[in-house]
Amino acid sequence: MTDILDNSRVSGEEPKLIVRKASRAPIWSVWAVLEGTPSEEIFEGSSEEDASSWIKTGGRSWLEERRRKRNA
């Protein structure tokens, strides 16, 4: 798995968490996106609402955990 936050050291940016729908399946995913780096899928849900709700809870925790690992 790509550690997208490693690339944020250079740019000083935090990844943006966005929701995307799978093109051929009823799955909604949350992706961490940082300009100039490959996107990283970090969550799959059965609906857009599931994925959006996860950003508000698990997404924030995910960013904090990755930030702690990066700064360790």
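For this structure, a couple of remarks:
- Looking at region 15-45, the trypsin sites (Lys or Arg not before Pro) that sit in a DSSP loop and have at most 15 other Cβ atoms within 10 Å of their own Cβ are R24.
- Taking θ as phi - 60° and the Karplus parameters 6.51, -1.76 and 1.60, the scalar couplings of region 35-52 work out to 3, x, 10, x, 6, 10, 6, 10, 7, 10, x, 8, 8, 4, 5, 4, 5, 5 Hz in sequence order, x denoting glycine and proline.
- Amide proton proximity set for T37, modelled H, under 5 Å, gap of 5+: none
- Mean shadow area of region 33-72 over all directions, Cα convex hull, nm²: 3.3 nm²
- Backbone HN-Hα couplings from phi across region 60-71 [Karplus 6.51/-1.76/1.60, Hz, Gly and Pro as x]: 5, 5, 4, 4, 5, 4, 5, 5, 4, 5, 5, 7
- Computed with a 1.4 Å probe over protein heavy atoms only, the accessible area of I27 comes to about 60 Å².
- A straight chain from E44 to K69 at 0.36 nm per residue would run longer than the Cα-Cα distance by 6.7 nm.
- Within-13-Å neighbourhood charge of E49 [Cβ basis; K, R +1; D, E -1]: 0
- In this rough spin-label picture, where each label sits 7 Å from Cα along the Cβ direction, the R20-T57 distance is 2.5 nm.
The values are calculated or read from the model by the stated rules, or taken from the named source; none is laboratory data. These numbers come from a predicted model, not from an experiment. No Cβ is skipped: glycine too gets one built from the backbone with ideal geometry, and neighbour counts run over all protein chains shown. Please note that ligands, DNA and RNA were not included when accessible areas were found on the heavy atoms of the full protein model with its side chains. Shrake-Rupley method; radii C 1.70, N 1.55, O 1.52, S 1.80 Å.
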